[in-house]
Structures are given as C-alpha cells and as structure tokens.
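Please treat every number below as a calculation from the coordinates, not as lab data. Not measured: the values here are computed from a predicted model. For neighbour counting, all protein chains shown are included, and Cβ atoms are generated from backbone atoms with ideal geometry for every residue, glycine included.
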Amino acid sequence: MDHDRYGLDGMPISCRGADCDPVTGLAFPRVRETNGAGIPHLRVILAGMMLAFMGFFAWQAHLLG
C-alpha cells in the first residue's frame, strides 16, 4: 500500500488540489463572494498602517536622520 496515495480510511485520495483535505481527499466547502460586503478600501487602510509601523520602527531604530 502506498502511504502517500491513500487516506485514513484506506480509500484512494482522488482530489489533489489545494482546495481538498490532504488526508481524506474531500473538497473543502466553497465560500461564495458577495458584492459590497466587507470594509471599503481595506487594502489601502492596511497598507497605510503598515507604512506607519515601518516608519515608526525606522524612527525608533534611528535609521532616519
């Protein structure tokens, strides 16, 4: 028996994608996208916060004049 080809139940793993459980071979449930959900401009806000953190870190480490 090939241990890299069979799940815990002894059945062959048929699913090899990233969206499948590597042990059982069952596909993970899909999350449906909805339009208009979430925080608007979240990427811009996160990028600004990351730049602020890096600037504060550089200032505290005396990397900036």
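A Förster distance of 35 Å, applied to the separation of the beta-carbon atoms of Ala58 and Val31, puts the FRET efficiency at 0.40. Proximity of backbone amide H atoms, modeled 1.01 Å from N, is registered between Cys20 and Phe28 at under 5 Å, excluding neighbours fewer than 5 places apart on the same chain.
Between Ile45 and Val23, full extension at 0.36 nm per residue minus the direct alpha carbon distance yields a gain of 4.1 nm.
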